[in-house]
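A short reminder: the numbers here are calculations on the coordinates, not readings from a lab. Treat the numbers as computed from the prediction; the structure is a model and nothing was measured. Positions of Cβ are backbone-derived with ideal geometry, glycine not excepted, and every protein chain shown enters the neighbour counts.
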């Protein structure tokens, strides 16, 4: 329920506003400017109804101080006919509107509704305008492989609900693009999308960044700060690399996700929110739980809907599509004259391991078109040495056909990657028919199904 603060030195008027508004709003009252400012410092107020003629501080003086405390709160001035010019002056100072005494009940409700809607719209427009500069659309997720078609289907299904989503995958696989696609396909698409990079924020500042702080709550807290959760209200918040949170901050996050309310650092008022949480990680959180670096209860809270994004090497059939997509994108952005890619170059792209995944592929194409944009064709000589030489240093085969494990990870990771790639290849060859894929793999459909569920290939 939104909160309205009414400031007037006449008790009868305060009571009138309380009776008019109590059904739809939480109503606070103050008989002078000093009391009003004290309430604003300690309460979450959405709108102030402020009388111009007050004892001590005038309404204009109070308005000026309100703007120092909270520049975003909506303010409606209350005035007599003879002071309308003063009310107009107040609007120049940031007031939303004014009401003339004696006032009409329906007029009051209409003016309040208009002011609150205006504030909400301004907030949304600010975020939407920022998002316009980010080229994230559902159609920009490039891929034709079986696993990517499954991910597209999952995005559409997941977007309809509000359940927390945990997206896993190696660095550079496009996890944030998936997150934004979920948001843009959801009923919350016209509400804020707020992304938080957990590794990029010092641990001692993360709580303040997420939940905000009050002025003076700690050193250098010179102003009140609205946290990311509050800014995301009504929309989606994305916690990137959530595994980088400290255990203490994990505990605080868990409490918020359980109650969907919090208190700003240094504050006393409880703030309720309506947000959808999507988190990502590039590590195995179950392993982190075993090591004691991630809370098990938080894991089960955020892992309601798991979504695993495969490494680029595990969906090699998508590489030509990705290459062509980013080739065209950077060709236009860099005004490159390059028209085509040599077939042998494309083959090298397809065979390369891509440890940096899609991020590395994008960077390589941008580098080539930056350095060799005057060339008509992308040639082998334009490629980085590791791609040109066929350096797949993570996995390779010796003359006896034995797998050399140079930097491939743990045994479980290697087995999991290998199984995933074999199953994906078989499904592709079988056009998605599981019975046929099982025959290709010389196993049963039941075992194939078990493996697919284990690898989240469903």
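Can you figure out the FRET efficiency of residue 416 with residue 223, using R₀ = 45 Å and their beta-carbon distance, to the nearest 0.05?
Working from the Cβ atoms, E equals 0.40.
For region 209-326, the C-alpha radius of gyration divided by 2.2 N^0.38 Å, with N the number of residues, is 1.33.
Applying 1/(1 + (r/R0)^6) with r as the Cβ-Cβ distance of residue 335 and residue 300 and R0 = 60 angstrom yields a FRET efficiency of 0.75.
Mind checking the full-extension length gain between residue 26 and residue 57? Use 0.36 nm per residue of separation minus the Cα-Cα distance, one decimal, nm. Net length gain for the segment: 8.7 nm. Once Kirkwood radius over Cα pairs in Å is calculated for the structure shown, the corresponding label among [x] 24.2; [y] 27.0; [z] 26.1 turns out to be [z].
In nm, what is the difference between 0.36 nm times the number of residues separating residue 388 and residue 429 and their Cα-Cα distance?
11.9 nm
Peptides 268-278, 366-376, 169-179 ranked from most to least packed give 169-179, 268-278, 366-376, packing being the mean of other C-beta atoms within 10 angstrom over each peptide's residues. Take the Cβ atoms of residue 456 and residue 344, set R0 to 45 Å, and the FRET efficiency comes out at 0.80. DSSP beta bridges fully contained in the chain are about 15 percent antiparallel.
Just check region 138-308 against the gyration tensor rule for me: Cα atoms, a ≥ b ≥ c as the square roots of the eigenvalues, rounded for a/c under 1.5, and otherwise prolate or oblate depending on whether a/b exceeds b/c. Prolate. Take the Cα of residue 254, step 7 Å toward its Cβ, do the same at residue 100, and the gap between the two points is 6.0 nm. What shape does region 3-129 take by its C-alpha gyration tensor, where a ≥ b ≥ c are the square roots of the eigenvalues and a/c under 1.5 counts as rounded, a/b above b/c as prolate, and the rest as oblate? Cα axes put region 3-129 in the rounded bin. DSSP assigns beta bridges within region 138-308; of those with both partners inside it, close to 20 percent run antiparallel. The modelled label-to-label distance for the pair residue 287/residue 35, using points 7 Å beyond Cα in the direction of Cβ, is 6.2 nm.
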